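Below: one structure, written as structure tokens.
The values are calculated or read from the model by the stated rules, or taken from the named source; none is laboratory data. What you are looking at is a predicted structure, and each value in this text was computed from that prediction instead of being measured. Cβ coordinates were reconstructed from backbone atoms using ideal geometry, including for glycine residues, and neighbour counts include every protein chain displayed. The area values use the complete protein model at the heavy-atom level, side chains included, leaving out ligands, DNA and RNA. Shrake-Rupley method; radii C 1.70, N 1.55, O 1.52, S 1.80 Å.
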Amino acid sequence: MSMRKTSILNPFLTKFCSKNLLPRVAKMMKAPIILLKEGTDSSQGKSQIISNVNACEAVVDAVRSTLGPRGMDKLIVDGHGKTTISNDGATIMKLLDIVHPAAKTLVDISLSQDAEVGDGTTSVVLIAGEILKNCKPFVEDNVHPQIIVRGLRRAAELALSKLTEISVQVKKDNPEEQRQLLVKCAATSLSSKLIARQKEFFSEMVVNAVSLLDDMLPLNMIGIKKVTGGSLEESQLIAGVAFKKTFSYAGFEMQPKKYQNPRIALLNIELELKSEKENAEIRIDNVEEYQSIVDAEWSILYEKLEKIVASGAKVVLSKLPIGDVATQYFADRDVFCAGRVVEEDLRRTMKACGGSIQTTVNNLTTDVLGSCESFEEQQIGGERYNLFKGCPEAKTCTFILRGGAEQFIEETERSLHDAIMIVRRTIKNDAIVAGGGAVEMELSKYLRDFSRTIAGKEQLIIAAVAKSLEVIPRQLCDNAGFDSTNILNRLRQAHAQGKMWFGVDITREDIADNFSSFVWEPAIVKRNSITGAIEAATLILSVDETIRNPKSSSDGPPGALPSRGRGGKPRRDLP
């Protein structure tokens, strides 16, 4: 009986399922749509934001100990074995070779700070990392990232307006007062560098160098040359162009090494007898024909040399080699020559002394020749340098740095670059603030007081930014071995009493009025630091998904055929 019922019901069930259930089941079991290539790694949501913040905190920890006058140096060895010793934030960030996509944002803001104002590269990374660290609990508590971003931007606006309000304008009508301001700002920048003990010596030199430039303050008209050996105090500033003596042939010692008001020829011509670079075949019937070919080569060279001497040039510089024949020819006629001059030095000489680089000797007229008040070749350490002083066309200068180890001189060069950038910015923007964590503490106090006057989640975000700004004085204390909790409590008390320029006094393990102590920084450095840190934090908090494309399995282009061995057969790798 049951078998019969089953046989009767089977057609009905089949018809019912085919009309109703099967299409639904097929729709539910449809294959998923694949948008990304197989092997693509994708992660999103709250966990991804927290992961990005953790990566940024790891980067901040790498440069944290370099901040301030008592900061430590980092020794970095690259893939080629080159060693770099530095405490400059931008240099360290650039050499770390960071691969995490979100953490690279901190590298970008550090390099941007270095290019824009030259200093504050470590501070901007520390502030950005601290803001992210203090905003992480809000992300974990499911506060929407856009609410956090809105609060951060509001805090940035408030901090920048307060910074403009408290910054001190320096009058430019008193040149001596302005010079003292520039020296103090340069000394503050150098106080956290490897050459902090010589900051008085170098700060004066930096101000003199920038003062030698024209109103545009072009950075490329300041040259820096390095001579190993000697002490730092033997470094000098040349008011003109200086570059290392190039390779020279016999006869060079007979040339004069000093001129007054010489004419300078800048060439891109090879002045030597050269052999054929390609296979050349000349068929001759007798010795006289061979001799005529040799004489033609000599006559071409001598014709060039005669035209150069006839132009009245007393100093001849060429990017290409000047051979022994030409060197002796110039020596016999009291003309100085130098071949294989580096293109950068040749162009700087052209901008400073006038004239233009010539590729032929046929039109060496007065208007294409440069000039200067004096030219001299000097022995500096173990090297000889060509010095051009009194350049009429453009104001320029050259640092010649002395020192022991090569890494030490390179770090000195980076330190001077930061100080030069600070002095240039101070001239263009004459607003200053006190350093040593004073301005950060004042802005922190202002933001904290403001946050208590508003309601909502924005109050918490602005308070978090206020706490983040305290990372600068705290880290200054930690790097100097001070009790940061005690110093910060005293700073908060001082700023609550209206002492807005009180900051960390590194020399006495105390707090002090850093403005009256001449610890000055350009206000634009702090403005850029706060802006860059807030922008980096908002960018990282706005990213909720990271998609990583898979690496190619082979070095060739997609769809490339497998490599073949001899005979056209596919090559088989050995086990």
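Across segment 155-174, which residue is surrounded by the fewest Cβ atoms within 10 Å (Cβ to Cβ) among those that are under 30 Å from A464 (Cβ atoms) and of a type in the set (A, V, I, L, M, F, W, C)?
Of the residues in segment 155-174, the ones under 30 Å from A464 (Cβ atoms) are 155-168.
Keeping just the survivors that are of a type in the set (A, V, I, L, M, F, W, C) gives 155-156, 158-160, 163, 166, 168.
Values: A155: 26, A156: 20, L158: 18, A159: 27, L160: 16, L163: 20, I166: 17, V168: 14.
Among those that are under 30 Å from A464 (Cβ atoms) and of a type in the set (A, V, I, L, M, F, W, C), it is V168.
Annotation: of all residues in segment 315-333 being open to solvent by 60 Å² or more (accessible area, probe 1.4 Å) and touching a helix residue (DSSP H, G or I) at 6+ places or on another chain (Cβ under 6 Å), the one that is farthest from V241 (Cα to Cα) is R333.
Scanning segment 283-294 for residues that are in a helix (DSSP H, G or I) and open to solvent by 80 Å² or more (accessible area, probe 1.4 Å) gives V287, E288, Y290, Q291. Could you list, in sequence order, all residues of segment 442-500 that are aromatic (F, W, Y) and within 36 Å of the chain's Cα centre (by Cα)? If the condition is that a residue be aromatic (F, W, Y) and within 36 Å of the chain's Cα centre (by Cα), then Y446, F482 are the ones that fit. Which ones in segment 477-495 are closer than 23 Å to C135 by Cβ and not hydroxyl-bearing (S, T, Y)? Answer for segment 477-495, where residues must be closer than 23 Å to C135 by Cβ and not hydroxyl-bearing (S, T, Y): D478, L488, R492. Every residue in segment 121-154 that is in a helix (DSSP H, G or I) and open to solvent by 20 Å² or more (accessible area, probe 1.4 Å), please. Matches in segment 121-154: K133, N134, K136, P137, F138, E140, P145, Q146, I147, R150, R153, R154.
Does segment 526-565 hold any residues that are modelled with pLDDT of 80 or more, of a type in the set (G, A, S) and open to solvent by 90 Å² or more (accessible area, probe 1.4 Å), and which are they? Of everything in segment 526-565, nothing turns out to be modelled with pLDDT of 80 or more, of a type in the set (G, A, S) and open to solvent by 90 Å² or more (accessible area, probe 1.4 Å). With (1) of a type outside the set (G, A, S); (2) out of contact with any helix residue (DSSP H, G or I) (no Cβ under 8 Å at 6 or more places or on another chain); (3) within 24 Å of N429 (Cβ to Cβ) as the list, and T164 as the residue in question, which single condition is left unmet? Condition not satisfied by T164: (2). Residue check: I357 meets all listed conditions (1) crowded, with 20+ Cβ neighbours inside 10 Å; (2) among the aliphatic types (A, V, I, L, M); (3) under 29 Å from L301 (Cα atoms) but one, namely (1). Looking across segment 45-79 at every residue that is in a helix (DSSP H, G or I) and acidic (D, E), the one that is farthest from I506 (Cα to Cα) is identified as E57.
Scan segment 411-439 residue by residue and report those that are acidic (D, E) and open to solvent by less than 30 Å² (accessible area, probe 1.4 Å).
In the first step, residues of segment 411-439 are kept if they are acidic (D, E); the result is 411, 413, 418, 430.
E411, D418 - these are the residues of segment 411-439 that are acidic (D, E) and open to solvent by less than 30 Å² (accessible area, probe 1.4 Å).
The residue pairs whose first member lies in segment 482-493 and is part of a loop (DSSP other than H, G, I, E, B), whose second member is surrounded by fewer than 17 Cβ atoms within 10 Å (Cβ to Cβ), and whose beta carbons are closer than 8 Å, counting only pairs six or more residues apart or on different chains, are F482/E509. Note on segment 361-397: residues that are within 18 Å of Q236 (Cα to Cα), open to solvent by 40 Å² or more (accessible area, probe 1.4 Å) and of a type in the set (D, E, K, R) amount to 5. Within segment 321-338, the set of residues being part of a loop (DSSP other than H, G, I, E, B), in contact with an Asp or Glu (Cβ under 9 Å, 6 or more places away or on another chain) and modelled with pLDDT of 90 or more is empty.
Taking the conditions exactly as written (in contact (Cβ under 8 Å) with a residue 40 or more places away in the chain, in contact with a strand residue (DSSP E or B) (Cβ under 6 Å, 6 or more places away or on another chain), crowded, with 19+ Cβ neighbours inside 10 Å and in a helix (DSSP H, G or I)), does A242 satisfy them or not? Taking the combined requirement at face value, the residue does not satisfy it. Beta carbons closer than 8 Å, at least 6 apart along the sequence or on distinct chains, pair a first residue in segment 114-131 that is at positive phi with a second that is among the charged types (D, E, K, R) and in a helix (DSSP H, G or I) for G118/D418; G118/R424; G118/R425; G120/K526.
Only a single item in (1) assigned to a loop (DSSP other than H, G, I, E, B); (2) open to solvent by 20 Å² or more (accessible area, probe 1.4 Å); (3) not hydroxyl-bearing (S, T, Y) is not met by V309, and it is number (1).
Select from segment 494-516 the residues that are in a loop (DSSP other than H, G, I, E, B) and farther than 16 Å from E442 by Cβ and write down the one among them that is least open to solvent (accessible area, probe 1.4 Å). Spell out how you get there, then give the answer.
Just the residues of segment 494-516 that are in a loop (DSSP other than H, G, I, E, B), to begin with: 497-501, 506-509, 514-516.
This time we only want the ones that are farther than 16 Å from E442 by Cβ, so: 506-509.
Values: I506: 26, T507: 115, R508: 144, E509: 101 Å².
Per the criteria, the residue is I506.
Restricting segment 195-219 to residues that are open to solvent by 30 Å² or more (accessible area, probe 1.4 Å) and in contact with a strand residue (DSSP E or B) (Cβ under 8 Å, 6 or more places away or on another chain) leaves a set whose member that is nearest to V423 (Cα to Cα) is N208.
Would you list the helices (runs of 4 or more DSSP H) that sit entirely within segment 340-457 and hold 2 or more residues that are touching a strand residue (DSSP E or B) at 6+ places or on another chain (Cβ under 8 Å), more than 23 Å from L271 (Cβ to Cβ) and hydrophobic (A, V, I, L, M, F, W, C)? Give the derivation first.
Numbers: elements: 343-353, 406-428, 438-451.
Helices (runs of 4 or more DSSP H) meeting the threshold: 406-428, 438-451.
Considering segment 80-120, the residues that are part of a helix (DSSP H, G or I), touching a helix residue (DSSP H, G or I) at 6+ places or on another chain (Cβ under 9 Å) and of a type in the set (A, V, I, L, M, F, W, C) include one that is surrounded by the most Cβ atoms within 10 Å (Cβ to Cβ), namely L106. Under the condition of being within 37 Å of the chain's Cα centre (by Cα), modelled with pLDDT of 85 or more and either of a type in the set (A, V, I, L, M) or open to solvent by 100 Å² or more (accessible area, probe 1.4 Å) (or both), the residues counted in segment 245-282 number 5.
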